[in-house]
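Written below as structure tokens is the structure these notes are about.
The values are calculated or read from the model by the stated rules, or taken from the named source; none is laboratory data. Note that the structure is predicted; figures quoted are calculated from it, not measured. Methodologically, a virtual Cβ is constructed for each residue, glycine included, from the backbone with ideal geometry; neighbour enumeration extends over all protein chains shown. Please note that ligands, DNA and RNA were not included when accessible areas were found on the heavy atoms of the full protein model with its side chains. Shrake-Rupley method; radii C 1.70, N 1.55, O 1.52, S 1.80 Å.
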Amino acid sequence: MGFFCLQKGIHHDFSAPYVPQQNGAAERKNRNLVETARTMLADAKLPVTFWAEAVNTACHVLNRFLTVKRYNKTCYELLNNRKPNLEYLLPFGLRGDSYKSGLYQDLSYQVDVLSVPEVASIKELKAHPITNIIGNLSDGVQTHSIIDITYLYIGIKDTGVFDVCSHSCIISQVEPKNVEMALRDNNWIEAMQEELAQFDKLKVWNLIDLLKGVYPIGTKWVFKCKKDDRGVVVRNKARLVVQGFNQQVGIDYTEVYAPVSRLEAIQLFLAFASYKGFKVFQLDVKSAFLYALYGLHQAPRTWYETLSTHLMDNDFVRGLIDSTLLIKKAEGEYLLVQIYVVDIIFGSTNEGLCKEFESIMKSKFEMSAIGELSFFQGLQVNQKEDGFFIHQSKYVKDILSLFKMEDCTPYDTPIPVNHKLNSDTDGKEVNCRLYRAMIGSLIYLTASRPDIMFAVCICSRFQAKPKESHLIALKRIFRYLKGKQRLGLWFPHGSNFEFNAYTDSDFGGCCLDRNSTTGGCQFLGNRLVS
């Protein structure tokens, strides 16, 4: 490696582990790229949706202009042993009409500033003359695999020279507020086309004559950036949603109930997986509600019936207590499937059954195989060699930021040992909506944080008329979380799977009505599940 770097003129420095002292060079390089891209967007008066093109262009240009002091050559020259040809370069956001053999021979080109239309249509555009539109209007919207984004936005066609920028960012980072905004971005247009293609594939609807006295329900587009557990956008979702509030009971729908798995059920699932020592995987259904359309009252029920019927036709058995759990047994091996609306987790004592399950699902549904389970319904799952670590550290960080307590001073305990919280009738009242929102966020966190259960229980008693003293006690829980963000539940592999329950209560401990407070916990072996 060192010899190769020396040949290519690369100075290879090794970084000291776990320290930031040697990150300066990389940070300065990133800052140069970011500042150059911002300047290009501002100069061309282009929106932030062209960020990927701007950064790619900045990197391309800087590699051909900045020199390496040690060799007094540009990066391009060091890699290719020749000086770069810069005749094809144009100001960012402009295009040239004369192009030949990969280079612009005639530099007396006519320049048009590219701007995004109000509404992208084959129809006549109000804000832009038809002559300003690049390409054939009859071709319609083209995908990234067909269209040359670089040529449209930058004016460079020599892919041999500029292959690093021959593609555009395939995921938008901005959620449009309406259809007009979405039609300005090719990424969202593709997401909309994918949704409509699913309608056509699944034969979602049939056209019939409008019945007398029955009026159309109506639809609208909803746009969502799907993010992973790190907050990085991984997918653009465009959904055509039915306005279900216009539905009439008995005419448009009857039964609407659909079962949803509880967090305790998910913890039981993971406890059994850790006991048997097998990995848990996750699937995401792309077109779940298209079997009844998003927004309809009966959509969740229709989807669940469609999925469960398909699985039971393939030798699965529905759980007797938890109907969202489906089990398949084959030659002493188990395959467990837990359903939470469109998210599915599964695992088996036999890896062959997992592959068989994926093929069964993909034979009927459009699926995305996410891989090993790491993030599910707010729970983060670290699957290690000796067990599962279940925590909600990302959620803790999010709620600290939501309630503007990310910079608070940490506390060692969530509540004083001898707390004196009471109704405090003479105290100053606080915003009850804020107080209840904070309580609700903490209740969801107790799924993996039993250490705050008692404190949250005490503070939740004062939601009707919260006072300043109650808010101070509630904020103490957040300050405790600030210093204990990485705590969670440990489910070790193996060991026993015996059920043990513990309970305790105080005597007249409530300051309001002198009632006793009772608490309990249930274990499967060494795994706290409830």
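Remarks
- Qualifying positions in region 241-264 - open to solvent by 20 Å² or more (accessible area, probe 1.4 Å) and part of a helix (DSSP H, G or I): F245, N246, L263, E264
- Odd one out for L353 among (1) open to solvent by less than 10 Å² (accessible area, probe 1.4 Å); (2) part of a helix (DSSP H, G or I); (3) farther than 27 Å from K227 by Cβ; (4) not polar (S, T, N, Q): (1)
- Filter pass, L307 being open to solvent by less than 40 Å² (accessible area, probe 1.4 Å) and either in a helix (DSSP H, G or I) or among the polar types (S, T, N, Q) (or both): yes
- The set of residues from region 163-202 being modelled with pLDDT of 80 or more, assigned to a helix (DSSP H, G or I) and of a type outside the set (D, E, K, R) comprises V179, M181, A182, N186, N187, W188, I189, A191, M192, Q193, L196, A197.
- Which listed residue, of C511, C521, is within 16 Å of P416 (Cβ to Cβ), out of contact with any Gly (no Cβ under 9 Å at 6 or more places or on another chain) and of a type outside the set (D, E, K, R): C511
- The set of residues in region 338-350 that are more than 22 Å from the chain's Cα centre (by Cα) and open to solvent by less than 20 Å² (accessible area, probe 1.4 Å) comprises G347, S348.
- Every pair of residues 6+ apart whose Cβ atoms lie under 8 Å, when the first sits in region 47-75 and is over 21 Å from P176 (Cβ atoms) while the second is open to solvent by 80 Å² or more (accessible area, probe 1.4 Å) and modelled with pLDDT of 85 or more: T67/K73; T74/K83
- If you filter region 203-226 down to residues that are of a type in the set (K, R) and at pLDDT 80 or above, you find that the one that is farthest from the chain's Cα centre (by Cα) is K220.
Conditions tested, residue by residue: (1) outside any helix (DSSP H, G or I); (2) at pLDDT 80 or above.
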{"site": "S15", "(1), (2)": "yes, no"}
{"site": "A25", "(1), (2)": "no, no"}
{"site": "L33", "(1), (2)": "no, yes"}
{"site": "T36", "(1), (2)": "no, yes"}
{"site": "T39", "(1), (2)": "no, yes"}
{"site": "T49", "(1), (2)": "no, yes"}
{"site": "E53", "(1), (2)": "no, yes"}
{"site": "H60", "(1), (2)": "no, yes"}
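- Restricting attention to region 364-418, the residues that are assigned to a loop (DSSP other than H, G, I, E, B) and either open to solvent by 20 Å² or more (accessible area, probe 1.4 Å) or within 27 Å of R436 (Cβ to Cβ) (or both) add up to 24.
- Of the helices (runs of 4 or more DSSP H) entirely within region 419-530, those holding at least 1 residues that are open to solvent by 60 Å² or more (accessible area, probe 1.4 Å) and among the basic types (K, R) occupy 432-445, 468-483.
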